[in-house]
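Step one of this worksheet: look at the structure below.
The values are calculated or read from the model by the stated rules, or taken from the named source; none is laboratory data. Just so you know, these numbers come straight off a predicted model, no measurement behind them. Quick reminder, even Gly has a Cβ in these numbers, built from the backbone with ideal geometry, and neighbours come from all protein chains shown.
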Amino acid sequence: MQKGYSRLLGIIGKPNTGKSTFFSAATLATADIANYPFTTIKPNRGVGYVRTPCVHTEFNVQDNPNNSLCLDGVRLVPVELIDVAGLVPGAWEGRGLGNQFLGELCRADALVHIVDASGGTDCEGKACKPGEHDPLEDIKFLEHEINMWIGAVIKKDWQKIARTAEADKKGIFGPLEERLTGLNIKRSHIFEAIRQTGLNADRPVAWSDEDFLKFVDTLRQISKPMLIVANKIDLPTSQPNIERLKQLNYTVIPASAEAELALRRAAEKQLINYRPGDGDFKITQPEKLSAGQIKGLEAIREKILQGNSSTGVQEAINTAYFKLLNMITVYPVEDVEHLANHNGKVLPDTYLIPHGTTARQFAYIIHSELGDSFIYAIDARDRKRIGEDAVLKDKDVISIVSAKKRA
């Protein structure tokens, strides 16, 4: 993981939707996978990757990645994922240890909701005939559970918090930020939720129950942006449901977590050439595969890749970071001439940072001393100096000049 800055992605959903399979496919970490509820008891944490074109091809140099990987011109930047147990109705009240899992989940910066697009699991996560369950109900259910959990955290001593905020005449922002810090909800999220709802931050005692619920729902959407992974796209009942899911106010990624896991495991054993997110693969050692295994791989190509361009797993991770969290990649170097660090490694590091980050803020992300002693930065493409307030762009390659470096 990169030092100085990271964002956590939460993998969520009800049991038996392929959630842990998605997590395992994205991270190749070991996770319990079975088709019954509560297979996952303790949260699983693992490292996945965002995929982005590497700038070394543009500069026509051979890179030496250090904090990331580069595979044939594709830079894979590590990110942290957390997978909690499947949630069931009433989770926010503690059913199925749901309050414990929601507490873990709400520390994430963005959420990936794994939905069984085939409609083959009921509201409890138990297997049913494909098409019997409406996956749109799963979206409403999960929104409700997270809303009720965040609301319960705020509601504790709400009247006391609201009266104190009014008496101090400082508004509700500070007290709410203090109460919600454990859920990784920031003051900026609270401010934006109040702005969007039009509520009076100076008179929270006057908020009605309807006002309160509207505020919590808006706060959830802002602080925990979510996308939908419509899983199990190989099943015939999935496609009509995917079209219906796309009518909702969410980004929807059709996916087959099972296919991605099979491809990544085969690639790990060097049986195929495959990079996460590729639209095809090449079998490299057919003599080590059985006829059944080759048939299975060809079925993935025909049923998943040819119609969808990918399995959807890598696309979901990329979308979460680049769209929901609005992140960019930046490459810091010390030697602008050779695009190298002090050890001579070319383009060794790639940082995933929020859009809008300035040059000086980026220096602080790398190291606090570098931020403190920042003088200016140099853009490696045009060799021009950029000031501390210059906003960095995706795939920028910059060198930071500091007082410490000059000394």
- Message: Among the residues in the stretch 162-182, are any within 30 Å of Lys14 (Cβ to Cβ), in contact with a His (Cβ under 7 Å, 6 or more places away or on another chain), free of Cβ contacts under 8 Å to residues at least 60 places away in the same chain and of a type in the set (S, T, N, Q)?
- Response: no
- Query: Counting just the residues of the stretch 201-240 that are among the hydroxyl-bearing types (Ser, Thr, Tyr) and surrounded by 16 or more Cβ atoms within 10 Å (Cβ to Cβ), which one comes out farthest from the chain's Cα centre (by Cα)?
  - Reply: Thr237
- Message: Which of the numbered conditions does Val391 fail, given that it passes all the others? Conditions: (1) more than 18 Å from Ala340 (Cα to Cα); (2) under 24 Å from the mean Cα position of the chain (by Cα); (3) of a type outside the set (Lys, Arg); (4) buried (at least 20 other Cβ atoms within 10 Å of the Cβ).
- Response: (4)
- Restrict the check to the stretch 328-349 and report whether at least one residue is under 30 Å from Ile114 (Cβ atoms) and modelled with pLDDT of 95 or more. yes
- Of all residues in the stretch 358-370 being surrounded by fewer than 19 Cβ atoms within 10 Å (Cβ to Cβ) and without any contact (Cβ under 8 Å) to a residue 60 or more places away in the chain, the one that is nearest to Glu58 (Cα to Cα): Thr358
- If we scan the stretch 329-336, do we find a residue that is more than 27 Å from Gly48 (Cα to Cα) and of a type in the set (Val, Ile, Thr)? yes
- Which condition number in (1) surrounded by 17 or more Cβ atoms within 10 Å (Cβ to Cβ); (2) over 15 Å from Ile386 (Cα atoms); (3) out of contact with any strand residue (DSSP E or B) (no Cβ under 6 Å at 6 or more places or on another chain) is the one that Leu352 fails? (3)
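Is it true that Lys395 is among the basic types (Lys, Arg) and farther than 21 Å from Tyr49 by Cβ?
Details: among the basic types (Lys, Arg): yes; farther than 21 Å from Tyr49 by Cβ: no.
Judged against the criteria, Lys395 is not a match.
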- Message: Among the residues in the stretch 115-127, are any modelled with pLDDT of 95 or more and under 17 Å from the mean Cα position of the chain (by Cα)?
- Response: yes
- Message: Looking at the stretch 1-14, I want the residues that are assigned by TED's automatic domain parsing to the domain that holds Val84 and over 15 Å from Asn184 (Cβ atoms) and have a partner that is modelled with pLDDT under 90 and not in a strand (DSSP E or B) with Cβ atoms under 7 Å, at least 6 apart or on another chain. Which pairs are those?
- Response: Gly13/Gly86; Lys14/Gly86; Lys14/Leu87; Lys14/Val88; Lys14/Gly125
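Going through Ile139, Ile185 one at a time, which residue ends up being surrounded by 16 or more Cβ atoms within 10 Å (Cβ to Cβ), of a type in the set (A, V, I, L, M) and within 26 Å of Ser238 (Cβ to Cβ)?
Within the list Ile139, Ile185, the selection yields Ile139.
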- Taking the stretch 190-200 as the search range and keeping residues that are under 29 Å from the mean Cα position of the chain (by Cα) and of a type outside the set (Gly, Ala, Ser), which one is surrounded by the fewest Cβ atoms within 10 Å (Cβ to Cβ)? Arg195
- Message: Going by what's in this entry, would Glu302 be described as surrounded by fewer than 18 Cβ atoms within 10 Å (Cβ to Cβ) and either among the acidic types (Asp, Glu) or more than 25 Å from the chain's Cα centre (by Cα) (or both)?
- Response: yes
